[in-house]
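Only one structure is covered here, and it is reproduced in the block below.
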Amino acid sequence: MSRELMWAGAFVALWSSGFVGAVLAEPAGSVAGVLAWRYLVTAALLIGLVLATGRRRRIGARTIAQQATLAVLAHVVFLGGVFGASAAGVDAGTVALVCALQPMLVMIGGRVGWGDRLLLRQAVGLALGVVAVGISAGFSGNGGPAIVLPVASVIGLSAAALLERRWQPPVDVVTSLSIQVVCAALVFTVFATATGSLGIALSVGTVGALAWLVGLSGLGGYLTFLACLRRLGGSATSLLLYVTPPVTMIWAWIMFAQRPTIVGWAGLALGAVGVLLAWPDTQSRRRDDVDGPGTEGVPAPSRDRRARGSVSVGEVSG
């Protein structure tokens, strides 16, 4: 349990750090350019890591196609929608509230696709989580037609979590993220080049912002996201997104001296209660883990042992 809490805490802290990077990168002037360079640098680092650690092995075309699909959904659609919505004038509170529907979509998907149980306390927890995000992010309700962009984001990230569980990728987290980032880098770079926005204003601040986005929210956020999907399951990992807006509030306090309000602290507390109530029970967690990532390519006897629950979480996730 302590190891699971460590992964959960790291994911929440690193995922929510993206807000800081986005603010630091504002002087660069080009959102598309920042995303392209963020992914180009991240791809170069991951390729170097894969080569240095001897992960060079043949990966089937099917696995590459699956990882490319996950890249489009979890990186291009998700981040493109969030950044595009902000550029189109949709306020951050509206974006956060729409994206807060992600845990609901994932748990409903688990119910439909795998027969996961949805208890009354979990339904209450999901509702509290949405309210907590609305309180923390300051939902104002504006957005207009551009509201379709955060809707696309939440659908993309939810679909990625469910497909990760369905496909059970037979590759480790680092290799998986490397393929995804390379694919996303290609898409973002082509788009930025086609729109004439690949060039960004270089400065010490821009370099620092890119380093932040690459190291913390890029490598750290997505590595812990994939690790939590494989260790905690899709439903539990998605629930952790409920507490990222209030943790973002703490990041803003630390980095930009934006002191949290009483309402903000209330949102943090309510979000934590919502996560605790909606957290899947042991049986559902085991089922998510057995049906989820990490079993493809595993010999049948090993899968049988996992189904009986005789293998630890650490062994299952590799």
Cut-off of 10 Å, at most 16 other beta carbons, DSSP loop: longest stretch of the chain lacking such trypsin sites (Lys or Arg not before Pro) | 118-307
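Add -39500 (n - 2.57) for each DSSP H run of 4 or more in the chain, then divide by its residues: what number comes out at 222 nm, to the nearest 500 deg cm²/dmol? Walk me through the numbers before you get to the answer.
On the way: 18 runs with 226 residues, N = 318.
Roughly -22500 deg cm²/dmol at 222 nm, from the helical runs in the chain.
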If the chain between residue 191 and residue 112 were fully extended at 0.36 nm per residue, the gain over the current Cα-Cα distance would be 24.9 nm
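Can you work out the FRET efficiency for the pair residue 65 and residue 202, with r the C-beta to C-beta distance and R0 = 41 Å, to the nearest 0.05?
With a Förster radius of 41 Å, E is 0.70.
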In debye to the nearest 20, how big a dipole does the chain give about its Cα centre with +1 on each Lys and Arg Cβ and -1 on each Asp and Glu Cβ?
-> 800 debye
Between rounded, prolate and oblate, where does the chain land on the alpha carbon gyration tensor, with a ≥ b ≥ c its root eigenvalues, rounded for a/c under 1.5, else prolate if a/b exceeds b/c?
-> oblate
How much accessible surface does residue 119 have with a 1.4 Å probe, in Å² rounded to 10?
-> 60 Å²
Taking protein heavy atoms only, a 1.4 Å probe, and rounding to whole percent, the accessible area of the chain owed to carbon and sulfur comes out at 70 percent
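Contour minus end-to-end for residue 120 and residue 168, with contour as 0.36 nm per residue of separation and end-to-end as the Cα-Cα distance?
On the way: separation 48, 0.36 × 48 = 17.28 nm, distance 2.90 nm.
Result for the pair: 14.4 nm of gain on full extension.
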Quick one: how many Å² of residue 249 are accessible to a 1.4 Å probe, rounded to 10?
-> 30 Å²
Contour minus Cα-Cα distance for residue 44 and residue 26 (0.36 nm per residue) | 4.2 nm
With every protein chain left in place, what is the accessible area of residue 98 in Å² (1.4 Å probe, nearest 10)?
-> 20 Å²
How many Å² of accessible area per residue for the chain, probe 1.4 Å?
-> 44 Å²
Order by accessible surface, 1.4 Å probe, largest leading, for residues 202, 232, 163 comes to 202, 163, 232
How would 19, 78 rank on accessible area, largest to smallest, probe 1.4 Å?
-> 19, 78
So how far apart, in nm, are the two label points at residue 3 and residue 127 if each is 7 Å from Cα heading toward Cβ?
-> 3.8 nm
Farthest toward the dipole's positive end in the range 51-189, which of 54, 178, 114, given Cβ charges of +1 (Lys, Arg) and -1 (Asp, Glu) about the Cα centre?
-> 54
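The values are calculated or read from the model by the stated rules, or taken from the named source; none is laboratory data. Everything quoted here is computed from the prediction, not taken from an experiment. Every residue, glycine as well, gets a Cβ built from its backbone with ideal geometry; the counts of neighbours run over all protein chains shown. Note: accessible area is taken over every heavy atom of the protein model, side chains too, but ligands, DNA and RNA are not part of it. Shrake-Rupley method; radii C 1.70, N 1.55, O 1.52, S 1.80 Å.
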